[in-house]
Amino acid sequence: MYDETDCITPENVTTIAGKTNTLNNPVWMFIESNIDEIKRRIAQVQRTLTYNDFYYTNLIVAKDKSTAFMFDCNFLGKGYVYADIRNVTCSLGENAKNAFLEKYGAFDESEKRIDLVADSLTTLSFACNRKTMPDWGLEYAKQTKNGALLAAAVRMLSD
């Protein structure tokens, strides 16, 4: 089954560093020397079925707003709960976000620290494997340049 974190590999880390012009950034040395532990921590988080492609055009809501139906399930796969929550809530307004979180239920807060690293590496991998770097990829590339990704990786492994 599809798992978006499968793209976190040494080869993709090298591609990301090259395409973001950050080859000499200390984040890559840290991630490369700790990639097995990073992947182990991502894999040890409880897995669930995740949609991985939330966008309002993939959603039909009943007129009375009592139910909703998701379609376009080509990225349906396995993942961890917080990744699913982030994928959905990042594009919702505050009321919709709160309603979603209320219905979704509890999640392990420690997954947020793992997600800061996994989401950045996954998104950068997808962005860097395109012919032209998309704007959303540039936003994530800033995290390598300003030290945010390195700090998140250090925090993740210090838990």
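The values are calculated or read from the model by the stated rules, or taken from the named source; none is laboratory data. Computed from a predicted model, the values in this text were never measured in an experiment. Counting neighbours? That spans all protein chains shown, and the Cβs are built from the backbone with ideal geometry, glycine included.
Residues of the stretch 100-112 that are more than 13 Å from GLY79 (Cα to Cα) and outside any loop (DSSP other than H, G, I, E, B): PHE100, LEU101, GLU102, LYS103, TYR104, SER110, LYS112. Restricted to the stretch 73-89, and to residues that are crowded, with 19+ Cβ neighbours inside 10 Å and among the aromatic types (Phe, Trp, Tyr), which residue is modelled with the lowest pLDDT? Ranking the candidates gives TYR80 first.
Rundown of residues vs (1) touching a Leu at 6+ places or on another chain (Cβ under 8 Å); (2) not hydrophobic (A, V, I, L, M, F, W, C), yes/no style:
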| site | (1), (2) |
| --- | --- |
| VAL13 | yes, no |
| THR22 | no, yes |
| GLU32 | no, yes |
| ILE38 | yes, no |
| ILE42 | no, no |
| LEU49 | yes, no |
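If the condition is being hydroxyl-bearing (Ser, Thr, Tyr) and either over 19 Å from VAL117 (Cβ atoms) or in a loop (DSSP other than H, G, I, E, B) (or both), then the stretch 77-99 contributes only SER91. Checking every residue in the stretch 57-64 against the condition of being of a type in the set (Val, Ile, Thr) and out of contact with any strand residue (DSSP E or B) (no Cβ under 6 Å at 6 or more places or on another chain) gives at least one match. Only a single item in (1) more than 16 Å from the chain's Cα centre (by Cα); (2) part of a helix (DSSP H, G or I); (3) not hydroxyl-bearing (Ser, Thr, Tyr) is not met by ASP115, and it is number (1). Figure legend. Inter-residue proximity from the stretch 147-158: first residues over 17 Å from THR20 (Cβ atoms), second residues surrounded by 14 or more Cβ atoms within 10 Å (Cβ to Cβ) and of a type outside the set (S, T, N, Q), beta-carbon distance below 6 Å, spacing 6+ or different chains. Indicated pairs: ARG155/ARG113; MET156/ARG113; MET156/ILE114; MET156/VAL117.
For beta carbons closer than 6 Å, sequence separation of 6+ or different chains, a first residue in the stretch 89-111 that is of a type outside the set (Phe, Trp, Tyr) and a second that is outside any helix (DSSP H, G or I), the qualifying pairs are GLU111/VAL45; GLU111/TYR80.
Within the stretch 25-42, being in contact (Cβ under 8 Å) with a residue 12 or more places away in the chain and either in a loop (DSSP other than H, G, I, E, B) or of a type in the set (Gly, Ala, Ser) (or both) holds for one residue alone: ASN25. Of all the criteria given as (1) surrounded by 13 or more Cβ atoms within 10 Å (Cβ to Cβ); (2) assigned to a strand (DSSP E or B), the one not satisfied by THR15 is (2).
Could you please find all residues in the stretch 124-135 being farther than 15 Å from ILE38 by Cβ and surrounded by 11 or more Cβ atoms within 10 Å (Cβ to Cβ)?
Filtering the stretch 124-135 for residues farther than 15 Å from ILE38 by Cβ gives 126-135.
Scanning the stretch 124-135 gives PHE126, ALA127, CYS128, ASN129, MET133, PRO134.
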